[in-house]
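In what follows, a structure is listed as structure tokens, so that the remarks can point back to it.
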Amino acid sequence: MERKYSLNDLALMTGLTTRTLRNYLAQGFLHGEKTNGVWQFTDAELDRFFCDPFVKEGLRIKRSSVVFDFLADRNKEKARSCIILDIPASRKEGDKISAFFCGKMRDASDVCFNYGWDNGLCRVILSGAADSVANIMYAYSYEF
């Protein structure tokens, strides 16, 4: 059975707000199916979305901003970390990686997450409280 992603899952992966994603839906950049009032997206729909040149550039900028914001913040009150993972993976493996991190992010309010898959490479960016990022990375290393 093909995995379906919610609007909130997509917001977690991209770092975009659900409002921005709804605008992309209205403008035709993003396609999905609304079932019982909830947007759902297939892998194929997400592939089309992520491959759109306009969207691709916006997501690249968003990913970069996570790292730049981390580096620019000189007033950190506690230990913080920023990790970039580049993982060679098929689309199917990328879906599993994405699902893993989306699941972890539901419980990690103090971590910023960004995910992208392009031409066989998953890029995962985690930025936030050092202990939370370390816990997620430990779980990832144990799972994969």
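All of the numbers you see were taken from the coordinates with simple rules; none came from a lab. Quick caveat: nothing in here was measured; it's all calculated off a predicted structure. Note that each Cβ is placed from the backbone with ideal geometry, even for glycine, and that neighbours are counted across all protein chains shown.
Which trypsin sites (Lys or Arg not before Pro) does segment 38-144 hold that lie in a coil by DSSP with at most 15 other beta carbons within 10 Å?
R74, K76, K78, R106
If the chain between K56 and E33 were fully stretched, how many nm would it gain, using 0.36 nm times the residue separation less the Cα-Cα distance?
Taking 0.36 nm per residue and subtracting the Cα distance, the gain is 6.1 nm.
With an 8 Å Cα cut-off and a minimum separation of 6 or more residues, compute the relative contact order for the chain in percent.
Relative contact order comes out at 25 percent.
Enumerate the calculated ³J(HN,Hα) couplings along segment 15-21 in order (Karplus 6.51 cos²θ - 1.76 cosθ + 1.60, θ = phi - 60°), each rounded to whole Hz, writing x wherever the residue is Gly or Pro.
Calculated HN-Hα couplings, in order: x, 7, 6, 5, 5, 4, 4 Hz.
Working from Cα positions, state the angle (0 to 90°, nearest 10) between the long axis of helix 53-72 and the longest principal axis of the chain.
Roughly 10 degrees between the two axes.
Given Cα positions, please report Rg to Rh for the chain, the hydrodynamic radius being the Kirkwood one.
Expressed as Rg/Rh, it is 0.96.
Stretch D47-E2 to full length: gain in nm at 0.36 nm per residue minus the Cα-Cα span?
Value of the extension gain: 14.8 nm.
Using only Cα atoms, find the angle between the long axis of helix 130-143 and the longest principal axis of the chain, and express it within 0 to 90 degrees, rounded to the nearest 10.
60 degrees
The chain: longest stretch without exposed GluC sites (Glu not before Pro) (DSSP loop, at most 15 other Cβ within 10 Å), sites themselves excluded?
Value returned for the longest uninterrupted segment is 3-76.
Need one number: nm distance between label points at F68 and R106, each 7 Å from Cα along Cα→Cβ, rounded to one decimal.
About 3.3 nm separates the two model spin labels.
Could I have the simple spin-label model distance between N135 and A79, label points 7 Å from Cα toward Cβ, reported in nm to one decimal?
Computed distance between label sites N135 and A79 equals 1.4 nm.
Could you sort out which of K4/K56; K4/K92; K4/K104; K56/K96 sit more than 19 Å apart by Cα distance in this structure?
Pairs exceeding the cut-off: K4/K56; K56/K96.
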